[in-house]
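To start, the structure itself, in C-alpha cells.
Nothing in this text is a laboratory measurement; each read-out follows from the coordinates by a stated rule. Please read these numbers as outputs of a predicted model, since none were measured by experiment. No Cβ is skipped: glycine too gets one built from the backbone with ideal geometry, and neighbour counts run over all protein chains shown.
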Protein chains: 2
Amino acid sequence: MWRDLAPVGRSASSGGYFRQPWASAETELRSWFAEACAARGLTVETDGIGNQVAWWSPDAASDAPGVLTGSHLDSVLDGGAYDGPLGVVSALAAVDRLRDRGFEPSRPLGIGVFVEEEGSRFGRACLGSRLVAGATTWDAARELRDRDGVFLADAVEAAGLDPSAGLLSLDRVGTFVELHVEQGRDLVDRDVAVGLASEIWPHGRWRFDFAGQANHAGSTRMEDRRDPMLTYAMTALAANKQARLAGQRATFGRIAVEPNGTNAVPSLVTAWLDARASSDDALAELVAAIERQADDRAGRDGTSLTVTAESVSGSVAFDPDLATRLAGLGDWPVIPTQAGHDAGILSDAGVPTAMVFVRNPTGVSHSPDEHAETADCLAGVEALADVLAELAGA
Amino acid sequence: MWRDLAPVGRSASSGGYFRQPWASAETELRSWFAEACAARGLTVETDGIGNQVAWWSPDAASDAPGVLTGSHLDSVLDGGAYDGPLGVVSALAAVDRLRDRGFEPSRPLGIGVFVEEEGSRFGRACLGSRLVAGATTWDAARELRDRDGVFLADAVEAAGLDPSAGLLSLDRVGTFVELHVEQGRDLVDRDVAVGLASEIWPHGRWRFDFAGQANHAGSTRMEDRRDPMLTYAMTALAANKQARLAGQRATFGRIAVEPNGTNAVPSLVTAWLDARASSDDALAELVAAIERQADDRAGRDGTSLTVTAESVSGSVAFDPDLATRLAGLGDWPVIPTQAGHDAGILSDAGVPTAMVFVRNPTGVSHSPDEHAETADCLAGVEALADVLAELAGA
C-alpha cells in the first residue's frame, strides 16, 4: 500500500506531499481507497463532499452499533507521508490481520476517510468530520474560499461531487478509533512503540491583520513610516516568548503581505496565529497576552491591528473508561496530544472515541522529514487489530 | 493625458496601479505613448525590449548631440499614479509649451520611456536603462525569472517584442533630463514646488534565505523547534533599528514562506532587504550589521542564513556643473534622493544628466496615496520646458 501511495502528490524538489482536498492528488487517493476496499470485498460509500466509508458487516448483526476506524488522506502543504495515511493504511491492514486470525465481527466494522482534515485549502481543520458531526453546517461552509478565491461549493462540485447527495451518517457508529503517527516525542521518551490518547489540547487559528501605510522604501524617512511589518515581527517574537514562558504553543507559520514589493513599505501584513494550550482558560490567556503586546506595538508603529478568530476548538477528553479498557490490551501508556484530529470532532459529537498513536522517532511532523519505523508501524497494525477485535467482537 | 492614463492597470479595490512590464497594462501604456507622440507629429521608435523614444529633430542639426527627457510608465505593485508617468506626461507637455512659446530646437530633442524601472516583475530595478547603457547584458538578463517562473526572454517575446532587433542607442543622447515626483518631503520642508537632484544614495536589494525545519505547530515543543520565522522577525526589527541609529534606510517589504501553512512551523523564510545609505561605505556597514545580527540569532534559533546581493547600485553624483547651470534658471534647490532612477543609470554611463523633482505634499510614494498638486505639476512642466530650452536651444 505504501508503494502505491508514495508518488501521489509528492513534490520532486522537497520530497514532501501536496495533497490538498478536492484537487487531483486527493481525487487519486479517493480512487485508491475505493480499490483497496474493493480488493477486500468491501464496498465504499462516498458522501456528497467526499468522505468515504466501507463497512464489513456480519449478516446477523448488520444493524448493531458499529465500530468505525480510519483517518484522512489529505496533507498539509509540503507534509509528510504518515500524517493521515498511516491511519487509513493501518485500518486496511488491521482488517487483513483480523481475517488472518479468523476473526468474525459480531457488529459492523467500518473503515473511513474524512476530507480536509488539515484545513490546508479552506482554513478549517477537520472540515469533513465537522460537517458529518454537525459541528459546522454546509450553508456556512459552502461560502469558504481558498487562497485563489474559489468557493468550497465550487471546489467540491469541480471534484465531481454533489453535496445535495447528503453526508455520511454517524447513526451506525457506536465507537470510533483513529490510529495516527505521533507528532511529538512522548512515546520516544517512554521507549514504547504504541500509545493511546487521553485528550486533545484546546487550540485555534487567529488571523492578525496589521494595517499600515504603503510608502517608498528609499525616500521615506524611518521616522515617517507606518510599517506593519515591524508590528508583525514583534508580534511573532512575542508569541514565541509567551508560549515558552507558559509552557504552551504559539506559531506564526503563514503570512501574506500587500503589496509584497521589495522597494515598498507594506500597506498590510496578514499573519495567522496557531495557538494551543493545556486548558481553555490558558489558551484564552495566551492569545490575549499576544494580542495585548501586538496592540501596544501597533500604537508605537502607527499601525492598526484587527484579530479574527477563524476557528477555536475547546479541549477534548476522550472517553476515559474506553481508554482504560483498551490500554489494558497492551499495557499502552495514555498520553495527551496537542494536535487536532477528526477523532476529537467525533468525540465532541458524543461518539465514544479512542486514538492509537505510533511512535515517531524524531517527533517531526507536518514536514517532509516526518517518519515512522516499519517495525513500529507493524506494531501499530497489531495494536489496532487487537483494539478492533475487542470492540467489534464483543 | 491624465484622464487617458487614470484607468490603465488600476485596482478597483485599492485604487493603486499594477503596471508590470511586458503585461497588458504596460502594453496599453506603450500604445498610448506612441499615439501621444504621433498627435505631436513625432514618430516613436520602440527597441527590442520595449524602450521607446520619439525625436523632435531640426533638419539642420539632426546629427548634433541631442537632449533626451522622459521617465518610465511601469509601476510598483499597487503603486501611485505619478511615479514614472509624471515624467513622461510632463515631457510631452513641455514640448507643447515650447511650441506655444515658438521655440525651435537647435539640436534634437527626444522624449523617452524606459521599461521595468521599478524591477517589480524581474527584481532588477532600471532594467531597461541598464540594458541600454550596457550596465547589464541581455545574455545575463534573459535568464531572469518572474514570480511565476517565466523567463524575461519569454515575457518580452510574449509582449510581441524581438530583442534581436537591438536596443535604443545612446549615441544621440548628449544630455538626459528626468522629471519625477519627489518621493520624500524635502521640497515640502523648503516650501518650493520644484527642485533639482544632486545625487542618488547608494542602494541595493539583498535576498535573505532563513532555513529551518518544518514541523507541527501544535505538537512540537517550543524548545524542539528550528523556526526560521523567528530569525526573520528579529532581523526585520534589527534592520529597522540599525537604519534609525545610522540615519539610513532599511526595509523588509517582501517575504515568501515555505510551506506557508497555519499549522506548520516553516521550513524556509525568504525575505528581501532594501537598504540605502548616504555613502557606499555606510551602506556596506549597514548591511553587514544587519547580517551579523541575523547570523547571531540564527545560531540561537538553530536555523541557517544565506544572504545574496541581488542588485547593488553605488552612489550617483549628477553632473554638478549642469545642476548649477540649470538651478540658476529658477532658483531651484539642489537636493539628494534616496530613490533609484533611470537617470542614475545614464549618469553612471557617462551621459551628463539632471533630474527635476516636483513637490509631493505628503512624501508618500510607492502607494495608492501618492499625490502631487496640479499647480505643482504645472510648475514642473514650466521648469522642464525652461531646462529643455536652455539645453536644446544652445
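Averaged over peptide A:65-78, how many Cβ atoms belonging to another chain are found within 10 Å of each residue's Cβ?
2
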Let me spell out the model: positive unit charges on the Cβ of Lys and Arg, negative unit charges on the Cβ of Asp and Glu, origin at the Cα centre of chain A. What dipole size does that give, in debye rounded to 20?
840
From the backbone phi of the stretch B:283-293, what are the Karplus-calculated ³J(HN,Hα) couplings (6.51 cos²θ - 1.76 cosθ + 1.60, θ = phi - 60°) in whole Hz, Gly and Pro given as x?
5, 4, 5, 4, 5, 5, 5, 5, 5, 4, 5
Any idea what the residue B:7 label distances to the other copies are, label 7 Å down the Cα→Cβ vector, nm, shortest first?
5.1
Which ³J(HN,Hα) values, rounded to whole Hz and listed in residue order, are derived for the stretch A:270-278 from phi using the Karplus coefficients 6.51, -1.76 and 1.60 in 6.51 cos²θ - 1.76 cosθ + 1.60 with θ = phi - 60°, glycine and proline given as x?
10, 9, 10, 8, 9, 10, 9, 8, 7
When only C-alpha pairs under 8 Å and at least 6 residues apart count, what is the relative contact order of chain B, in percent?
23
Specify whether the C-alpha gyration tensor of the stretch B:301-394 places it in the rounded, prolate or oblate class, a ≥ b ≥ c being the square roots of the eigenvalues: rounded for a/c under 1.5, otherwise prolate if a/b is larger than b/c and oblate if not.
oblate
Nearest 5 is fine: what % of DSSP beta bridges in the protein assembly as shown come out antiparallel, could you say?
70
How compact and how long is the protein assembly as shown, expressed as Rg and Dmax of its alpha-carbon atoms in Å?
31.8, 108
Add -39500 (n - 2.57) for each DSSP H run of 4 or more in the protein assembly as shown, then divide by its residues: what number comes out at 222 nm, to the nearest 500 deg cm²/dmol?
-10500 deg cm²/dmol
Under a 5 Å amide H to amide H cut-off, with H placed in plane at 1.01 Å, what residues pair with residue A:303 once short-range neighbours are removed?
none
Identify, for chain B, the residue whose C-beta comes nearest the rotation axis onto chain A, and round that distance to whole Å.
B:233, 2
Just want to confirm a number: the relative contact order over the stretch A:253-300, from Cα pairs under 8 angstrom separated by 6+ residues, in percent.
26
How much length would be gained if the chain were fully extended between residue A:38 and residue A:373, taking 0.36 nm per residue of separation minus their Cα-Cα distance, in nm to one decimal?
117.8 nm
Per-residue Cβ contact counts at 10 Å, fewest first, order B:103, B:210, B:122 as B:103, B:122, B:210
Under 5 Å between amide H atoms, partner at least 5 residues away or on a different chain: which partners does residue B:173 have, H built in plane at 1.01 Å?
B:66
Rounded to the nearest 5, what % of DSSP beta bridges with both residues in the stretch B:203-313 are antiparallel?
100
How high is the relative contact order of the stretch B:203-313, given as a whole-number percent (alpha carbon pairs under 8 Å, six or more residues apart)?
45
Taking every DSSP bridge whose two residues both lie in chain B, the antiparallel percent to the nearest 5 is 70
Under a point spin-label approximation (7 Å from Cα along Cα-to-Cβ), what is the residue A:256-residue A:104 distance to one decimal in nm?
5.7
State, to one decimal in nm, how far the label point of residue A:288 lies from the label point of residue A:63, with both points 7 Å from Cα in the Cβ direction.
5.2
Within a Cβ distance under 11 Å of residue A:344, other residues only, what is the Lys/Arg minus Asp/Glu net charge?
-4
For the stretch B:232-237, in residue order, the Karplus 3J(HN,Hα) values (coefficients 6.51, -1.76, 1.60; θ = phi - 60°; whole Hz; Gly and Pro = x) are 4, 4, 5, 5, 5, 5
Quick one: go through the stretch A:201-243 and flag any residue whose amide nitrogen is under 13 Å from the point 7 Å out along the Cα-to-Cβ line of residue A:308.
A:206-210
Expected sort for B:43, A:235 with the fewest Cβ neighbours (10 Å cutoff) up front is B:43, A:235
For residue A:147 and residue B:45, extending 7 Å from Cα along the Cα-Cβ vector and measuring point to point gives, in nm, a value of 4.6
Going by how many other Cβ atoms sit within 10 Å of their own, how do A:219, A:315, A:106 line up, fewest first?
A:106, A:315, A:219
Assume the label is 7 Å from Cα along Cα to beta carbon: what separations in nm does residue B:369 have to the matching positions in the other copies?
4.2
For q values of 0.14 Å⁻¹, compute log₁₀ I(q)/I(0) with the Debye formula on a Cα-only model of chain A, without solvent.
-1.23
Dimensionless Rg/Rh of the stretch A:203-313 - Kirkwood Rh, Rg from C-alpha atoms:
1.02
Scan around residue B:226 for amide H atoms under 5 Å from its own, H built in the peptide plane at 1.01 Å from N, and keep only partners 5 or more places away or cross-chain.
B:213
When the convex hull of its Cα atoms is projected in every direction, mean area for the stretch B:127-197 (nm²):
7.4
Taking residue B:164 in one copy and the same position in all the others, each labelled 7 Å out along Cα→Cβ, what are the pairwise distances from the first, in nm, shortest first?
5.7
Can you give the alpha-carbon Rg of the stretch A:45-98 over 2.2 N^0.38 Å, where N counts its residues?
1.37
